[in-house]
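To start, the structure under review is shown below, and the notes come after it.
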Amino acid sequence: MANKNFKLKIIAPERVFFEDEVEFLELTTSEGDIGIYKNHIPLTAVVMPGLVKIHQNGEVKKAALHSGFITIFPDEVRIMAEIVEWPDEIDKNRAMEAKIRAERKIKEGGSGSQLRHAEMALKKSLVRLEAAK
């Protein structure tokens with residue numbers, strides 16, 4: 001039986017977050033959600049805040065991924081992440097406080113850049129809370 005795995009390497013500024021062979025990968029790019037198997041068409045894309053789901057040995061590992069870049073080759077995927085966290089690394093209370101702050105700032109309004117910043121903060125806090133479930 002042919003090997004259906006490909007190499008996945010996720011790098012954050014402070015560490016190599018994950019490096020191993022995987023069966024399937026799910027994440028969100030600027031173009032929408034994407035699923036990746038071995039021999040995927042080569043692609044480079046912007047990663048958006050969302051859950052990254054790593055399918056390996058019949059199990060699914062989830063992590064909070066907060067923007068970056070993904071490069072896909074037929075037998076290897078590399079993600080350069082701004083921030084990436086395993087569920088046990090997430091402080092749920094801090095994420096909830098960030099969510100409340102962001103919602104308050106959105107409700108108050110403000111300039112376009114302030115509103116975009118608050119919306120991004122809200123998205124990141126929601127991703128953290130989802131990953132920490």
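Quick notes
- Any strands (runs of 3 or more DSSP E) falling wholly within segment 1-40 and containing at least 1 residues that are free of Cβ contacts under 8 Å to residues at least 60 places away in the same chain: 15-22, 24-29, 32-36
- When segment 26-61 is filtered for residues that are within 16 Å of ALA12 (Cβ to Cβ) and among the charged types (D, E, K, R), only LYS61 remains.
- Close pairs (8 angstrom Cβ cut-off, 6 or more residues apart or separate chains): β-branched (Val, Ile, Thr) in segment 114-127, surrounded by 14 or more Cβ atoms within 10 Å (Cβ to Cβ) anywhere: VAL127/PRO49; VAL127/GLY50; VAL127/LEU51; VAL127/ALA64; VAL127/LEU65; VAL127/HIS66
- Residue in segment 50-57 that is closer than 19 Å to ALA131 by Cβ, in contact (Cβ under 8 Å) with a residue 60 or more places away in the chain and touching a helix residue (DSSP H, G or I) at 6+ places or on another chain (Cβ under 7 Å) present: yes
- The residues listed here are LYS123, LYS99; of these, the one that is in contact with a strand residue (DSSP E or B) (Cβ under 9 Å, 6 or more places away or on another chain), assigned to a helix (DSSP H, G or I) and not assigned by TED's automatic domain parsing to the domain that holds ARG15 is LYS123.
- Yes/no for ALA12 being surrounded by 17 or more Cβ atoms within 10 Å (Cβ to Cβ), at pLDDT 95 or above and small (Gly, Ala, Ser): yes
- All positions within segment 82-117 that are small (Gly, Ala, Ser) and surrounded by fewer than 16 Cβ atoms within 10 Å (Cβ to Cβ): GLY109, GLY110, SER111, GLY112, SER113
- The condition of being of a type outside the set (Asp, Glu), touching a strand residue (DSSP E or B) at 6+ places or on another chain (Cβ under 9 Å) and surrounded by 13 or more Cβ atoms within 10 Å (Cβ to Cβ) holds for only one of ILE79, ILE41, that being ILE79.
The values are calculated or read from the model by the stated rules, or taken from the named source; none is laboratory data. Bear in mind the structure is a predicted one, so any value in this text is a computation, not a measurement. All Cβ positions, glycine included, derive from the backbone under ideal geometry; neighbour counts span all protein chains shown.
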